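Contents: one structure, followed by commentary.
Nothing in this text is a laboratory measurement; each read-out follows from the coordinates by a stated rule. Treat the numbers as computed from the prediction; the structure is a model and nothing was measured. Ideal geometry is used to build each Cβ from the backbone, glycine not excepted, and the neighbour counts take in all protein chains shown.
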Amino acid sequence: MTDRLESREKVTGEARYAVEYPVEGVAYAAAVQATVGRGEITSVGTEEALRLPGVLAVLSCENAPELRESGDAELALFQSRTVSYRGQFVAAVVAETLDTAREAARLVRVEYASEPPDVELRADHPGLYKPEKVNPVFPSDTAQGDADEAFAKSAVRVEATYTTPAEHNNPMEPHATLAQWHDDGTLTLYDSNQGASGVQKTIAGVLGLEPSQVRVVSPHVGGGFGSKGAPRPNVLVAALGARATGRPVKFAVPRQQMFATTGYRTPTIQRIRLGADEDGHLDAITHEVVEQTSVLQEFGEQTAVPTRMMYKAPHRRTSHRLVRLNVPTPSWMRAPGETPGMFALESAMDELAVAAGIDPIELRVRNDTGHEPESGLPFSSRNLVACLREGAARFGWAARDPRPGVRRMGRKLLGTGVASSTYPAYMRPSEATARAEPDGTFTVRVAAADIGTGARTALTLIAAEALKVELGRVRVEVGDSRFPKAPVAGGSMGTSSWGAAVVRACEGLRGKLNGSVPPEGLEASADTTDELKGRDRYARHAFGAQFADVEVDADTGEVRVRRMLGIFAAGRIVNPKTARSQLIGGMTMGIGMALHEESVMDAEFGDFLNRDLAQYHVPACADVRDIEADWVEESDPHLNPMGTKGIGEIGIVGAAAAIANAVHHATGVRVRDLPITPPRLLPRL
Amino acid sequence: MRPFAYERATSAEDALRRHAEGAAYLGGGTNLVDLMRLGVELPSRLVDVTHLPYDQIQLDPNGGLLIGAAVSNSDLAADRTVREGHPVLAQAVLAGASGQIRNVATVGGNLLQRTRCSYFQDAAKPCNKRNPGSGCPAIEGEHHNLAILGHSEACVATHPSDMAVALAALDASVHVRGHAGERVVPIEDFYRLPGDAPERDTTLEPGDLVTAVEVPPLGMPSRYRKVRERASFAFALVSIAVALRVDGGVVRDVRLALGGVAHKPWRARRAEEALRGNPVTEEFFLRAAEAELEAAEPLRDNAYKVTLARNLIVRTLAELGEGT
């Protein structure tokens, strides 16, 4: 149980975030967003803005320098007159003060030739197509056996369509960049991101620089939830603004602008069919997903992918269809794929349990499998059943009356629900160095990102263990592209990927150490690329069980979660204290997904209407009453030197389904469209 | 943000003198400053009225209150005489915003906060309230939390205040200092329905300064109940302020106001009339609710509010009736 090592710095305000770095002569940027949802920019009127005292520059498609193409069309800032979606950045102002920049941005007159935007996701949209792959490299469709026939013959059948809305990541710290060019043509970016190495490589490419000419500094990051996994246009607003003015430029994206420019989770429409025998053994599973991407760039959320590995069934099919709309490009948000997909699958499993008259935990146990159903690979470890059993015992599941809508406390209807959880145990190659200092301490460096997860603390524990020294002698430095190259803090793979490189570097250093350390210190480095290539083939996934106890006000349709319990099996837990925070954070976000979060697309104008935290609701403290996360011990030799699977995302997976299933148990009403709000629930009570 | 002058008023006369065209009075600023950042409000001058001597709550011998306009929401909700004599008011204030916001938000500012309709808050979109004559996209657009009563073809916005709903039920009146002197405006005449001039939330004239809110004695049990998607820090879907006096199983007196349903706090006089003198039973509560909501004209996506308001009226009356 190790406290977060930088907690004192953070609570005293000493820890510096991107735009808090003091630099001489700083100027401020403000961005102008498109006020049409589709069209061409016919002119950019800058006269009024430039007349404002203190305005240094206005950048737009009429004067921006040419940028190189990257894999991400959202980064082609000011390179075209075409407006792809409302809210896209079309101009930026740099000024002496933030207030001047914002006022000048208001005065930039952009004229458009506009057309009505196409923004509505529908299951019958004529533009639906099959993508070649879904995020990151999964096939769009898979099939085994004859699912239609098997479903038609099944004794117990569930067929239902579930929808999830667009949701926004909304980290506490906005996307923010301080860009500073140097006389030698190099660029320093103090930036809020989930991976300094990736930002360095991408931004260098866009600006036509060598990666070595760009330094990205990000020791502290105030959250990301996936939205900072790749650089956003804000980095270029700052970098181009700084180049145009010869001044360091700060740009923190205002909360309202984040809703169009920093990513979100696609809305989904998911049709699921489950066919089982009378004992609940699945014979057919189909999961067909419809979701959106932008006209700029394809991003296909892998929503049906968890259905490929979750339960055994001989006949199965999954598919993803996308439509290109005049919307911002969707992107990663905590457990992309698993989060919306498992809401649908685990809701359907609950419906199947009700239809078959089988306890929902027992139903999941009966359909458990030791081999990944579609790939046939053995699981490196799979402790779903252990999580369900442990959770059931601690939650008091045995005493549960399965009948829906029969428990009352005054005017409140009470119910409980369960859902499975899963998330892949990814790893990517990483580098790291370990140094022995002459004073007896050790310095470990890796361009990892601590986005509030406790990564720095976990890596320090890992390094101390590998070096066989006490924690206080080890300093781990992260968040700087000058440090050894590291993969993104995403896909719940940070600790596993960086940690493996740290262990190997520390082992190398121990091999070099014999007695005293020379005055210049002693260093060893590691790169896990080859090690990962040589791994045995296993299906590697973490699992979990989510339990929810809800009350529903029969008069108002208000749903409150009285209690949540999550039990997970995620390999070795490096630091229980910060791990629990990660899991509880994920479960809390699951409460938001179940009951609150919904980005509302305006059909006429084509932008998200709720653009601040007063309108986009995330759970308040009062919504999180009693929440507990724990884990079963799991020792898996097929993972990495630490035996870790990753815990950043699994906490949200299944949480919304557990709550929705509990709402059904409380009321007898099955809400298949999230979030479960009074407007949706009350008319059906 | 557009540059603006900031001035601190030293007296009501001074405030009125400084309040020229394009000026706005500044209380806690929790709504006004947000709207300035969004470019929705563009005052050329802010006249800070928080230092005027309107920061006291006075209790008269009969139990009536005179609440200074500069009293903070937190101080109002924490005041013992308010909590004891007018619990519905304290509960309503506590149901709004967050502790931090209530600490700086003032009573005057709370009365005058603007609608949270998404279209109003986006300066790049049409809105008859913000830009008269530009149209109301909410009627065909997103309106699940907008009005079901008293709206017009020009505007379907709701008033966001919780406190004002309690004040409407309490027959409060607003003390206003204007260029023509002082006047006392009953709260029902203070707010207006949108009609064809939704740019005007109230009947205040330019330069009018709210100095106090007068609340007559209540002397009967009261309650505020707010329904919202999350448990805290959210505007009402529907809220209700009720005061009820029962004698011998019969309603002797009742006050009922709804929030989140109209351009103003909605005093439910038809329901009150249907209740007065009738037995304290769910049947009569339902009859009263239906009498009030007969006039409801829900929009495409907010018919649930009619059900919600009906249930809230019945339930809150029943709960209050049980205790008497």
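Okay, here's what the table says:
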read-out	value
Cα convex hull of the protein assembly as shown - mean projected area over all directions, nm²	42.5
Shape call, region B:208-324: gyration tensor on alpha carbons, a/c limit 1.5	oblate
Cross-link reach list, lysines versus A:Lys468, counting only Cα pairs under 18 Å and skipping chain neighbours closer than eight places	A:Lys512
Low-density loop positions, trypsin sites (Lys or Arg not before Pro), region A:430-498 - DSSP coil, at most 16 other Cβ in 10 Å	A:Lys468, A:Arg482
Between helix B:304-322 and chain B: long-axis angle, C-alpha atoms, 0 to 90°, nearest 10	60
Label-to-label distance, nm, for residues given as A:Asp536 and B:Asn62 (7 Å Cα→Cβ offset)	8.8
Cα-centred dipole magnitude for region A:456-526, charges only on beta-carbon of K, R (+1) and D, E (-1), debye, nearest 20	60
Reciprocal mean inverse distance between Cα atoms of region A:431-533 - Kirkwood radius, Å	13.4
Under the span-like rule (Cα at least 15 Å along the axis, Kyte-Doolittle mean at least -0.5), DSSP H helices of chain A	A:196-207, A:233-245, A:338-356, A:384-395, A:455-467, A:494-512, A:576-595, A:655-667
Sorted by Cβ neighbour density within 10 Å, fewest at the top, the residues B:Asp189, A:Asp350, B:Asp122	B:Asp189, B:Asp122, A:Asp350
Separation in nanometres of the label points that stand 7 Å from Cα toward Cβ, at A:Glu132 and A:Glu115	2.5
Sorted by Cβ density within 10 Å, fewest first, the residues A:Val517, A:Val550	A:Val517, A:Val550
Radius of gyration and maximum dimension Dmax of region A:492-612, Cα, Å	23.6, 75
Region A:273-327 - Rg over Rh from alpha carbon coordinates, Kirkwood radius	1.16
Whole-angstrom gap from region A:426-441 to region B:148-185, using each part's C-alpha centre	66
Volume of the Cα convex hull of chain B, divided per residue and given in Å³	127
For region A:431-533: relative contact order, % (alpha-carbon pairs under 8 angstrom, 6 or more apart)	40
Taking A:Thr495, B:Thr106 and counting other C-beta atoms within 10 Å, the order from fewest to most	B:Thr106, A:Thr495
Distribution of pairwise C-alpha distances over region B:145-290, 10 Å bins, in %	12, 35, 35, 16, 3, 0
Proximal charge balance of A:Leu639 [Cβ under 15 Å; K/R count +1, D/E count -1]	+3
Spatial separation of Cα centroids for region A:1-60 and region A:528-603, in angstrom	32
Spacing of the two label points (7 Å from each Cα toward its C-beta) at A:Ala398 and A:Thr42, in nm	7.6
Within-13-Å neighbourhood charge of A:Lys228 [Cβ basis; K, R +1; D, E -1]	-1
Cα-Cα over 29 Å, subset of A:Lys133/B:Lys125; A:Lys201/A:Lys250; A:Lys130/B:Lys125; A:Lys133/A:Lys153	A:Lys133/B:Lys125; A:Lys130/B:Lys125; A:Lys133/A:Lys153
Separation between Cα centres of region B:104-121 and region B:202-230, rounded to whole Å	13
Max mean-square fluctuation residue, GNM over chain B, Cα-Cα springs under 10 Å, options B:Ala147, B:Ala271, B:Ala123	B:Ala123
Helix B:282-293 axis, angle to chain B major axis (alpha carbon atoms, nearest 10°)	40
Of all DSSP beta bridges in the protein assembly as shown, antiparallel share, percent nearest 5	80
Gyration tensor over alpha-carbon atoms, region B:1-49, equivalent ellipsoid semi-axes in Å	19, 11, 7
